[in-house]
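Asker: Before I ask anything, let me first share the structure, which is written out below as structure tokens.
Nothing in this text is a laboratory measurement; each read-out follows from the coordinates by a stated rule. These numbers were taken from a predicted model, which means no experiment stands behind them. When we count neighbours, we look across all protein chains shown, and the Cβ atoms used for this are built from the backbone with ideal geometry, even at glycine.
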Amino acid sequence: MLPQFPEFKDVDLSSQEVFNRFLSETPLEASEYNFTNIFAFRKAYSFKVSLLYDNLIILRNSEPVSVFCPIGNSRIPEVFEQLFSYLRTRTKNLYLERVPESFVKKYLKSTKHLIIQEERDHFDYVYLVKELAQLRGNKFHDKKNKINKFKSICQYQYQTLTPDLIEECIEFEDDWCEKRDCGKYPGLEREQCAILEMLNNFSALNIIGGIIRVDNRIVALTLGEKFLKDTMVIHIEKANADISGLYQVINQEFLKHETGGCIYVNREQDLGVDGLRQSKMSYNPLRFVKKYKIKCREEATP
């Protein structure tokens, strides 16, 4: 059981069932609203959860303190009022973040006392699984060339991730981070923590994974899961950057083998990182899942 707002509890595996119940009853299309993501990043952002008028509330308890979009359909205007009242006791910069477009359109059309700001760095990239698995046509010419060059040089093996491979995957992740000195970069350090949470709790979560081997060593890893009824979300994609074409191969092979009838793939956000944005755009997204920051008008910066 979760506590009633304004009391909160830490996110742990015992939260998974209630999380998934709320998300199945009130699906939100943004990748943040997925138990695996909240669980994996719970230490990095000190995520906590609560119930308010039968809505699931996610608190980011690290600076800057904020609240995610409420998950549920119950008494939303009152929920917003209570959330902003709570935030006034915690921080000077009051806002709800990662609020998906569907929620804004449904509940916030005529709300004059709120300012709604796009969070472009957090837009999710959505693609057709079929397009990325086949890479046909001129718009994927560069990707196909890189894959063909990789296959001409490397003998490789794709494997579906199973629990007996977890220890080897952790070694791969540790090696990847050691080469890039992840400890010096907060974003990479948070990501490493999240990956280890996913791997160490692989059997308890709804994760699907895949690896690529070259010379019998893991050189690429991806982790994802079915999200919504028709979408696969990719949580993590890591590859040895010294091997050209490997990122393109792990992306294609995973979608060929693991999508289980999904029509779309959500490859999450670029966080405003130029290299990530260029990479995600180069795969020709079908659409974006737009997200917004919601502020009180009197609190908002002009």
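Asker: How big is the chain in terms of Cα radius of gyration and Dmax, in angstroms?
Answerer: Rg, Dmax (Cα atoms, Å): 20.1, 61.
Asker: Give the order of 66, 50, 244 when sorted by the count of other beta carbons within 10 angstrom, beginning with the fewest.
Answerer: By the 10 Å Cβ count, ascending: 244, 50, 66.
Asker: Using Cβ counts within 10 Å as a stand-in for footprinting exposure, how do 174, 274, 124 rank, fewest first?
Answerer: Going from least to most buried by this count: 274, 174, 124.
Asker: Rounded to the nearest 5, what % of DSSP beta bridges with both residues in the chain are antiparallel? Intermediate results must be reported in sequence, preceding the final value.
Answerer: Details: 45 of 51 bridges.
Given both bridge residues lie in the chain, the antiparallel proportion sits at roughly 90 percent.
Asker: How do 144, 184 line up, fewest other C-beta atoms within 10 Å first? Walk me through the numbers on the way to the answer.
Answerer: Numbers: 144 17, 184 8.
Fewest to most other Cβ atoms nearby, the residues stand as 184, 144.
Asker: Then there is this: Treating the Cα atoms of the range 117-160 as identical point scatterers in vacuum, please give the log10 of the normalised Debye intensity I(q)/I(0) at q = 0.19, 0.27, 0.29, 0.33 Å⁻¹, two decimals.
Answerer: -0.79, -1.00, -1.03, -1.10
Asker: What base-10 log of the normalised intensity I(q)/I(0) is obtained for the range 124-268 from the Debye formula, alpha carbons as equal point scatterers, at q = 0.08, 0.14, 0.15 Å⁻¹?
Answerer: Values, matching the q order: -0.21, -0.67, -0.78.
Asker: Restrict the search to the range 173-253; then list the chymotrypsin sites (Phe, Trp or Tyr not before Pro) that DSSP places in a loop and that have at most 11 other Cβ atoms within 10 Å of their Cβ.
Answerer: Qualifying residues, ordered by number: none.
Asker: Moving on to the next point. To the nearest 500 deg cm²/dmol, what mean residue ellipticity at 222 nm is calculated for the chain from DSSP H runs of n ≥ 4 alone, each contributing -39,500 (n - 2.57), summed and divided by the residues?
Answerer: -11000 deg cm²/dmol
Asker: Residues with amide H under 5 Å of residue 227's amide H, sequence separation 5 or more or different chain, H placed in the peptide plane at 1.01 Å from N; which?
Answerer: It is 232, 233, by chain and number.
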